[in-house]
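The values are calculated or read from the model by the stated rules, or taken from the named source; none is laboratory data. Not measured: the values here are computed from a predicted model. Cβ atoms come from the backbone with ideal geometry, glycine included; neighbour counts cover every protein chain shown. Keep in mind that these areas ignore ligands, DNA and RNA; they rest on the heavy atoms of the full protein, side chains included. Shrake-Rupley method; radii C 1.70, N 1.55, O 1.52, S 1.80 Å.
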Amino acid sequence: LTSADAAWTVAKSPYVMVSSALVAQGATLAIGPGVTVRVNPGLSLQVNGTLLARGNPGAPIRFTSSQADPAPGDWGFILFADSSADARYDEAGNYLSGSVLEHCIIEFAGAGGGYALGVDRAGPLVNHCTIRDTAGSGIQLRAGTARVANNIISGTTASGDGGGIYINSTPLGGHIVLSANAITGNVAAGNGGGIYVDNLSGATTLGKNIITGNRASGNGGGIYVSTSYGSVTSLAGNAILGNAASGDGGGGYIAASFG
């Protein structure tokens, strides 16, 4: 439990999580460039306050398994809860403050087949990160105002829908933005090998993403979208290539309701 501000620095890296951690509401955990966080089996990090994890291209922050022979699902997840501090931006869209994951690597997570990174009615910035080799969805977004940009999501295996990214804005609304991500080589036992979107309220914008080499046992190998009248789902400038589905829509599948 981090109930006061704390900083994890490269001088003391690696950090080993021997119990699940909570960043309490009102508290800030700052993780510096080059820090490695090794997580013991089944443990997770939940953010009710502010997480500032800003690496750089030469010194990314790494969240990984503590096991000598790591495998997908070794540890749980990172979760931004509803009370976590949303990212704020200037008029040009540049990050100013609030929760952020930037130049981070998240790997071997998803214990229980859930997800590696979760966002529950929250609005962090996830930018230039790599999420790979997870059991469950790489990212699960439930409503909120998250921005997910310039990331690589690969090698994830979901037991249900949404191999790479799972989005559900129903019935809570919000506006989720995915832009310029590479979503490749992910698998879903359900629909949406690359991306699954259930957007029956609120708005979801997906632009300039590369969605390739994903596979679904259901419909929508690359992307599956369920949308309805009154919601806004925008798909513009995405490259959807070389995906496969056992059902309909190897590249993409859209289920729209206007009743």
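Which residue pairs have Cβ atoms closer than 9 Å, lie 6 or more positions apart in sequence or on different chains, and pair a first residue in the range 55-77 that is on the phi > 0 side of the Ramachandran plot with a second residue that is of a type in the set (A, V, I, L, M)?
As it stands, the answer is Gly73/Ala109; Gly73/Ala111; Gly73/Ala135, since those pairs meet every condition given.
Residues checked against (1) open to solvent by less than 10 Å² (accessible area, probe 1.4 Å); (2) of a type in the set (Ser, Thr, Tyr); (3) within 22 Å of Gly164 (Cα to Cα):
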{"position": "Val39", "(1), (2), (3)": "yes, no, yes"}
{"position": "Leu43", "(1), (2), (3)": "no, no, yes"}
{"position": "Ala71", "(1), (2), (3)": "no, no, yes"}
{"position": "Phe77", "(1), (2), (3)": "no, no, yes"}
{"position": "Ser83", "(1), (2), (3)": "no, yes, no"}
{"position": "Asn94", "(1), (2), (3)": "no, no, no"}
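Name the single residue that is farthest from Tyr15 (Cα to Cα) among those in the range 30-72 being of a type in the set (Gly, Ala, Ser) and assigned to a strand (DSSP E or B).
Among them, the one singled out is Ala59.
Based on this model, can you work out whether Asp248 counts as open to solvent by 40 Å² or more (accessible area, probe 1.4 Å), touching a strand residue (DSSP E or B) at 6+ places or on another chain (Cβ under 8 Å) and not in a strand (DSSP E or B)?
Criteria not met by Asp248.
Any idea how many residues of the range 100-113 are open to solvent by 10 Å² or more (accessible area, probe 1.4 Å), over 23 Å from Gln25 (Cβ atoms), part of a strand (DSSP E or B) and not β-branched (Val, Ile, Thr)?
0
Hey, among the residues in the range 60-99 that are small (Gly, Ala, Ser) and closer than 17 Å to Val177 by Cα, which one's nearest to the chain's Cα centre (by Cα)?
Result: Ser99.
Taking Asn127 as the residue in question, decide whether it is among the polar types (S, T, N, Q) and open to solvent by 10 Å² or more (accessible area, probe 1.4 Å).
The answer is yes for Asn127.
Table: residues versus (1) open to solvent by less than 30 Å² (accessible area, probe 1.4 Å); (2) at pLDDT 95 or above; (3) over 18 Å from Ala189 (Cα atoms); (4) of a type in the set (Val, Ile, Thr).
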| residue | (1), (2), (3), (4) |
| --- | --- |
| Asp90 | no, yes, yes, no |
| Gly98 | yes, yes, yes, no |
| Tyr115 | no, yes, no, no |
| Gly123 | yes, yes, yes, no |
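Leu22: open to solvent by less than 50 Å² (accessible area, probe 1.4 Å), within 26 Å of Ala111 (Cβ to Cβ) and either of a type in the set (D, E, K, R) or outside any helix (DSSP H, G or I) (or both), yes or no?
The answer is no for Leu22.
Counting residues that are surrounded by fewer than 24 Cβ atoms within 10 Å (Cβ to Cβ) and of a type in the set (Val, Ile, Thr), which strands (runs of 3 or more DSSP E) fully inside the range 183-240 reach at least 3?
Because the criterion is at least 3 residues that are surrounded by fewer than 24 Cβ atoms within 10 Å (Cβ to Cβ) and of a type in the set (Val, Ile, Thr), no strands (runs of 3 or more DSSP E) in the range 183-240 meet it.
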